[in-house]
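> First, the structure itself, so that you have it in front of you.
The values are calculated or read from the model by the stated rules, or taken from the named source; none is laboratory data. Keep in mind the model is a prediction, meaning the values are calculated, not measured. We place every Cβ from the backbone using ideal geometry, glycine too, and count neighbours over all the protein chains shown.
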Amino acid sequence: MENQKLGRQTFQPGSPPVIIGHGSSAGHKECQGPLRRHFDHTCEDDLFGAKTWEQAESAMQQLALDAALKRAGLHTGDLDLLLAGDLLNQCIGSGYAARTAAVPFFGLYGACSTMGESLALATLLLSGGYGKYAAAVTSSHFCSAERQYRTPLEYGSQRTPTAQWTATASGAVVLTGEVRPGPRVVRVTVGKVVDKGIKDANNMGAAMAPAAYETLKAHFEDTGLSPDYYDLIVTGDLGSLGHEIVTDFFAHDGVKLANYNDCGLILFDREEQDVHAGASGCGCSASVLCGYLLPGLLAGRWKRILFCPTGALHSPTATMQGESIPGICHAIGLEGGK
C-alpha cells in the first residue's frame, strides 16, 4: 500500500511503523497510584540523582529511552532520529538529555500533547523512508512545572477543585519502518488549534477538551470509522472535568463513548491521592502509554487503541496579558501486538 491522506487531517501509512521498544520512569507520587508496578524506573525523592528539578527531567528521559532501547535490542547510536519534548522553556529537559546522544534531534513543544506530536512526526518520517529507527520521548515534572506555570511550591497556594497534578514522569518509544511483529501506528490525525476562551490556568481540562472533541470528530469523519472500532479511546490529561466535557459533546451528537478513558484519570487514584481533577503534564500520557497501554496491546488486553494526548498552548506571559488558552490534540491509531 501507498501512504494515504484521508480527509483533511488524517494520514495512513502504507507500511505502518512498528513500536519495538517502550520505556518509562516515574516519581514517588506516581508510584503510589494504580500503575506503580508498571514503570521501568522510579525514584523516591523525584530528583533521579540530579541536583535540580529541571535536571531531573533530563535524567528521567534518559532512563526511559534506555529502557526502550533495551527492549528494542538497540543502542542510542542506532537511531536515525530522536524526537523529544517537555514543558520547560526552550525544552531544556529534552535538549540537555539529547546532548549526550549524538543523534539527529528534533526538539518539540506541544505542551501535554507532545507524546502524540512526537509519535505522529516519527511515524510520518519513517513511513516516508527517512530513516530506519526513530525514538519519541517526553517528560514533565511537578516541581518544575509549578514553578514555571503557576506558583512555586514554597508559596503553599490553595489549589482549586479543577486543578490537576502535573505528573513527574517520562515515556519513550522506539519505532522502526521495517516490517516486524509488534504494535503498529496505523493512523495519525493531526490536530488543529482550538480556543474556546478559557483563561483559567487552573482549569486545563476545560481549555483542552474542545480540541480533543474536534480531533476525535475529525478522525472518525476522515477514516469512516466509528468509536466502537477501537477497544479503547484514551485522551491525555483532561482529568475528570475535561473527560466529562468530551463525553457530553459527543452525547449531544448522539454518540455514546462507552470505551473512553483519560490518562489523567488512569495515572492516579483520585479517591486515595490528593490530585483534585486528576493528572496532567506531558509525562502523564507518555508514562501511561509506555507503562500501561503498550504492554496491554502486547499482552492482548486490547487490539486497537486510539491514543489522543491533549495540550494547552499557553505561557505565563500570555496568561498575565489576559490571553485565553488554546488547546490541541493529536490522535494516534495503534493496532496489534505480538
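> Any chance you could count how many residues in the stretch 69-121 are part of a helix (DSSP H, G or I) and at positive phi?
Here is the first cut: in the stretch 69-121, the residues part of a helix (DSSP H, G or I) are 69-72, 76-78, 89-98, 111-121.
Subset that is at positive phi: 90-91, 111.
The qualifying residues number 3.
For every residue, the table says whether it meets (1) in a strand (DSSP E or B); (2) surrounded by fewer than 23 Cβ atoms within 10 Å (Cβ to Cβ); (3) more than 19 Å from the chain's Cα centre (by Cα).
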{"site": "ILE19", "(1), (2), (3)": "yes, no, no"}
{"site": "SER24", "(1), (2), (3)": "yes, no, no"}
{"site": "ARG37", "(1), (2), (3)": "no, yes, yes"}
{"site": "GLY49", "(1), (2), (3)": "no, yes, yes"}
{"site": "ALA56", "(1), (2), (3)": "no, no, no"}
{"site": "MET60", "(1), (2), (3)": "no, no, no"}
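> Among the residues of the stretch 313-335, which ones are within 21 Å of THR10 (Cα to Cα) and in contact with a helix residue (DSSP H, G or I) (Cβ under 7 Å, 6 or more places away or on another chain)?
Residues satisfying the conditions are GLY327, ILE328, CYS329, HIS330, ALA331, ILE332, LEU334.
> Need the failing condition index for ILE305 against (1) in a strand (DSSP E or B); (2) crowded, with 24+ Cβ neighbours inside 10 Å; (3) of a type outside the set (Ser, Thr, Tyr); (4) in contact with a Pro (Cβ under 9 Å, 6 or more places away or on another chain), just the number.
Of everything listed in (1) in a strand (DSSP E or B); (2) crowded, with 24+ Cβ neighbours inside 10 Å; (3) of a type outside the set (Ser, Thr, Tyr); (4) in contact with a Pro (Cβ under 9 Å, 6 or more places away or on another chain), ILE305 misses just condition (2).
> Let me ask you something else. Check off (1) surrounded by fewer than 24 Cβ atoms within 10 Å (Cβ to Cβ); (2) of a type in the set (A, V, I, L, M, F, W, C); (3) within 25 Å of ALA312 (Cβ to Cβ) for VAL103 and give me the number that stays unchecked.
Checking VAL103 against (1) surrounded by fewer than 24 Cβ atoms within 10 Å (Cβ to Cβ); (2) of a type in the set (A, V, I, L, M, F, W, C); (3) within 25 Å of ALA312 (Cβ to Cβ), the one that fails is (3).
> Among the residues of the stretch 316-335, write down those that are in contact (Cβ under 8 Å) with a residue 12 or more places away in the chain and surrounded by fewer than 17 Cβ atoms within 10 Å (Cβ to Cβ).
Across the stretch 316-335, the qualifying residues are PRO316, THR319, GLY322, GLU323, SER324.
> Sort through VAL179, VAL185 and tell me the only one that's within 29 Å of ALA64 (Cα to Cα) and crowded, with 24+ Cβ neighbours inside 10 Å.
On the way: VAL179 fails: crowded, with 24+ Cβ neighbours inside 10 Å.
VAL185 is the lone residue from the list that is within 29 Å of ALA64 (Cα to Cα) and crowded, with 24+ Cβ neighbours inside 10 Å.
> Another question about this same structure. Can you tell which of LEU265, LEU238, LEU225, LEU216 is within 17 Å of the chain's Cα centre (by Cα) and modelled with pLDDT of 95 or more?
Working: LEU265 fails: modelled with pLDDT of 95 or more; LEU238 fails: modelled with pLDDT of 95 or more; LEU225 fails: within 17 Å of the chain's Cα centre (by Cα).
After applying the criteria, what remains is LEU216.
> Something else: Listed residues GLY242, GLY281, GLY236, GLY311; which is crowded, with 22+ Cβ neighbours inside 10 Å, in contact with a His (Cβ under 8 Å, 6 or more places away or on another chain) and under 30 Å from THR42 (Cβ atoms)?
GLY281
> Yes or no: PRO34 more than 20 Å from GLY264 (Cβ to Cβ) and out of contact with any Lys or Arg (no Cβ under 6 Å at 6 or more places or on another chain)?
Considered against the rule, which asks whether it is more than 20 Å from GLY264 (Cβ to Cβ) and out of contact with any Lys or Arg (no Cβ under 6 Å at 6 or more places or on another chain), PRO34 comes out as no.
> Scan the stretch 125-144 for residues that are surrounded by fewer than 24 Cβ atoms within 10 Å (Cβ to Cβ) and either under 17 Å from the mean Cα position of the chain (by Cα) or more than 19 Å from THR10 (Cα to Cα) (or both) and jot them down. Don't jump to the end; show me each part of the working.
If we filter the stretch 125-144 for residues that are surrounded by fewer than 24 Cβ atoms within 10 Å (Cβ to Cβ), which is where we start, we get 125, 127-133, 142-143.
Correct list: TYR130, GLY131, LYS132, TYR133, PHE142, CYS143.
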